[in-house]
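Note sheet for the following structure.
The values are calculated or read from the model by the stated rules, or taken from the named source; none is laboratory data. Please read these numbers as outputs of a predicted model, since none were measured by experiment. Don't worry about glycine lacking a Cβ; one is built from the backbone with ideal geometry, like all the others, and counts go over all protein chains shown. Accessible surface is based on the protein model in full, side chains and every heavy atom, while ligands, DNA and RNA are left aside. Shrake-Rupley method; radii C 1.70, N 1.55, O 1.52, S 1.80 Å.
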Amino acid sequence: MNAGVAGPLPAPQGPSTDVLVVGAGPAGLAAAVAAADAGLRVMLLDESPVAGGQYLAAYSAAAGEHLDSSHQHLSTSQPSGGSGNGAGLSPTRAERFGHALLGRLSAGAVDWRPGTLVWSLGAEADPAPACGLLSVAIYAHGATEHLSAGAVILAAGAREGFVPFPGWTLPGVMSAGAAQLLAKRHGLKPGRRVLIAGSGPLLLPVAVRLATPDGAGAPGTRVVGVLEAAHLPAWLRCGASLLAGVAAAADRDRLGEAVRYLAALARARVPYRFGRAVTAALGDGRLEAVTVARTDALGRPIPGTAETIPADALCIGFGLVPNVELAQLAGAASLFDPARGGWVPETDAFLETSVPGLFVAGETAGVAGAEAALSQGRLAALAAACRLGRVSQADLQRERDGSARERAAALRFGALINTLFAPPSGCQAVITDDTLVCRCEEVAAGEVRAAIAAGAVTLDALKTRTRVGQGPCQGRTCGPILARLIAAEMGTAPEAAGRFGVRPPVKPVPFAALASTVPASPARDLRPAREAGR
Amino acid sequence: MSHLGAPQTDVVVVGGGIVGAACAYFLTASGLRVRLIERDFPASGTSRACDGLLLHHDKGSAAELALARASNALWEELSRSLDAGIEYRRQGALVLAESAEALAAAQVRALELDREGVRSETLAGGALREFEPALAPDLAGAIYYPGEAQLDARLATRALLEAAQRRGATVDAGLAATGLRLGAGGRVAAVVTAAGEIAAEAVVCAAGVWSAELTRSVGVDLPVRPRKGEILVTSRVPGLLRHPLLESSYTASVQSAAAATGVALVAEMTAGDTLLLGSTRQFAGFDRSVSTAALHAIAARAVRFLPALARASVMRSYAGLRPWSPDHMPLVGPVAAVPGLFVATGHEGAGICLAPVTGQIIAGWIAGGRAPALAELVRPERFAGERTSGEATLGEGTSPLPRKGRF
């Protein structure tokens, strides 16, 4: 090697931490606190400067002013009244649990490292970690660092899925999740006449938040409609499933939540329409209007039903896609399960992947909502503690059995949602040949369809032939869109298209940071003295 | 006879990388009926995991230089004659010297090349800064080779294949060759695939680092090993770099067979305003993962020479397996022990550059029935007898090259 080459510094003796948790949403918080309670040194990392993830963003935003920068600890506000979910609704069970976990974080239960990107993960990584450890490359505060951990719990959440349409790259068109986060964290609203479109129950809280004047919101914002791609029977089946399970507290909670959201929309006089698809976003330089059409049973627009709705903001979302790139990079075996949102790592009953010591929890293990995430986070933490000798096999088994019914119910409900509100097969019909499908590299659907016709029938082959997936998002947005496009053109299942490969860095890292590696900083031992000495 | 229902085939080319594509291109130009099979998709192996530089100055021997000159001249022709764009640009390349000693050594090298007709000029100080403003100001200087060029290897592979198809070639993607069937006199009779046999008069094995898998099925060992090269891609940096860059120790790192990760910077602009930055050279079997060590090492080298990159990001990375050969010359031509079998591999990092001349030599052997110009330089049988394993060897001819004794 040449002189002056800044290779990674040798890892210090022993692991940087016992358990490293990636993602501080509900699953990651639950995992980190449970692992700390089991007497382990825990490091909790999140790209965001605040804990809580998308789900608990309102609470962490309220706490933002109290951020103690010297210790990076959060203190949190009470989730009472409208301050929590900000929509004037009482908090859900999961929100209450989540808030309690944020409180544990601010009390210093774990070594919490906000603003930290994990850009590589592996058992075979370079520098090779000591036997049985996983190697984790991070980027924080302008430098890179290589950590090692006895166990890693990936709770990296999920991202939104999309169905493109002409004009979806116009300023004024944004993801429903981004609009929600702006409102939750910063009290910002996306426009004065807001249209919300897509599929699934996640559109409801977004609509309610944007429609509710909650003090922080800009006056004069009006949600002019919620356009749901699914047809009424999907909602009726959802409701029927919840009613069937109404004896269970969790299902009662979910039903109550849905009813409260729908009531709030009705109060705000927001029209909610089933079986609608956006066919184009129109505007000169920014969004001015949206054309929508009724759809048939397959989700195809019905000719002659189009109408144009004036709007300066369009929030779109088609369910969630698990963030599994780090698991894929580490070599974890995975499978395609539409009921869980797409590609997910294969796990055993304790959420351990095929890579020893690597666990997944929350949406990363399959999209199933906050209740499932909280339960899975705790289970994965105890399984990691068992692997590290802090929890007995019998205790782990007891934990699993004790929470099994509730978790199964949450997963069942998640699967129902993911299935009923998946982008319908006919939704491809709105993707005209000049619609961009890869926003980063500006590749249009026509070029992709031509490449598919010429034999590029996997994501990998498409990437080589057309540049899709080669931009900054590394195919996170366009991957599922392209897989459905291939499936539609070929008459095959989306999994036949495979996945984009994953290599480090999983997200862009500045050169300055890669060129300056700092020594691994071990987790601060925050355990009571009797635990630490055990 | 073909069991796959395709028209009669004269030659089966195994491998849809740039070398296989060039073979198909020149074989069809000679009027032969060609069927190319590729187990994944065109350019799915090394040809999409490389840079696109077409260089003269890094060639380690007169023989290698002769091949490069012939091939680069063919690329220039092809850039005009191929219907599809290949992003061919001939804007020269800069060889960077950090120290006065390195510059002196680079100038000696430039003088040697000048005697071979490879022109260059030395740039230093203000002239260098004006020529390439983003370079670190403390460099001793650089040699500018105006004849160097670059292209997009994926586009070039596709353009060659499409041209071959227009001349009647059949391209089967997703079809793997699992073996070869020999007929009377040990002559190659057919390529065996999962979908049946494809009978042919001749078979060209152009499967890069995977070539040995196929030739082993008829007892022929190729002395070709995978050598991993890692490359990273920057975020968009429009206008940052005007010419491809190579660190002056790059040639040494290519020629060295040392197994350790050697990093000498090579930088190239793409049509998408990103830079490709390489590269490492490492024997690591068939592993195609990218190590974080390689990212750190390449990033550090890149920032050393292009300080403004510190504000850009590493967007992604990839690794390709270069087919290394013991004397750094490709193996192109007939396998004497198996009549009808030809190989075209072993180009290591020069496969993009040497693809056209390789295709021309293969077409000369098969269509012309005799050794074309330059063919002696790359005859596979120069390695005959160096391996004791296997039932057959590469053949018994007289080697045109002195044995290097490194294998």
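Screening A:Arg185 on (1) modelled with pLDDT of 95 or more; (2) touching a Ser or Thr at 6+ places or on another chain (Cβ under 9 Å) shows it passes everything except condition (1). Only a single criterion out of (1) within 7 Å of chain A (Cβ to nearest Cβ); (2) assigned to a helix (DSSP H, G or I) is not satisfied by B:Arg316, namely (2). Based on what the data block shows, is B:Ala302 open to solvent by less than 20 Å² (accessible area, probe 1.4 Å) and facing chain A (nearest Cβ under 7 Å)? For B:Ala302, the condition - open to solvent by less than 20 Å² (accessible area, probe 1.4 Å) and facing chain A (nearest Cβ under 7 Å) - is met. Looking across the stretch B:169-191, the residues that are among the β-branched types (Val, Ile, Thr) and buried (at least 18 other Cβ atoms within 10 Å of the Cβ) come down to B:Thr170, B:Val171, B:Val188, B:Val191. How many residues, within the stretch B:305-346, are open to solvent by 20 Å² or more (accessible area, probe 1.4 Å) and over 23 Å from the mean Cα position of the chain (by Cα)? Number satisfying all stated conditions: 8.
Quick one: in the stretch A:438-447, which of the residues that are part of a loop (DSSP other than H, G, I, E, B) and closer than 25 Å to A:Val367 by Cβ is farthest from the other protein chains (Cβ to nearest Cβ)?
Looking only at the stretch A:438-447, we keep the residues that are part of a loop (DSSP other than H, G, I, E, B), and these are A:439-442.
Now restrict to residues that are closer than 25 Å to A:Val367 by Cβ: A:439-440.
Values: A:Arg439: 14, A:Cys440: 9 Å.
If we take residues in the stretch A:438-447 being part of a loop (DSSP other than H, G, I, E, B) and closer than 25 Å to A:Val367 by Cβ, then A:Arg439 is farthest from the other protein chains (Cβ to nearest Cβ).
Taking the conditions exactly as written (facing another protein chain (nearest Cβ under 8 Å) and either outside any helix (DSSP H, G or I) or open to solvent by 50 Å² or more (accessible area, probe 1.4 Å) (or both)), does A:Gly475 satisfy them or not? So A:Gly475 does not fit the description; no. Among the residues of the stretch B:289-299, those that are facing chain A (nearest Cβ under 7 Å) and touching a residue at least 40 places away in the same chain (Cβ under 8 Å) comprise B:Val290, B:Ser291, B:Leu295, B:Ala299.
For (1) closer than 30 Å to A:Leu134 by Cα; (2) more than 20 Å from the chain's Cα centre (by Cα), each residue gets a yes or a no:
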| residue | (1), (2) |
| --- | --- |
| A:Val367 | yes, no |
| A:Arg387 | yes, yes |
| A:Gly402 | yes, yes |
| A:Leu416 | no, no |
| A:Leu436 | no, yes |
| A:Glu442 | no, yes |
| A:Ala461 | no, yes |
| A:Thr464 | no, yes |
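Selection of the stretch A:497-519 for residues being more than 12 Å from chain B (Cβ to nearest Cβ) and either among the charged types (D, E, K, R) or in contact with a helix residue (DSSP H, G or I) (Cβ under 8 Å, 6 or more places away or on another chain) (or both) yields A:Ala497, A:Arg499. Within the stretch A:448-472, being assigned to a helix (DSSP H, G or I), within 13 Å of B:Ala173 (Cβ to Cβ) and within 9 Å of chain B (Cβ to nearest Cβ) holds for A:Asp460, A:Ala461, A:Thr464, A:Arg465.
When A:Ala280 is tested against (1) modelled with pLDDT of 95 or more; (2) aliphatic (A, V, I, L, M); (3) open to solvent by 40 Å² or more (accessible area, probe 1.4 Å), just one condition goes unmet, and that condition is (3).
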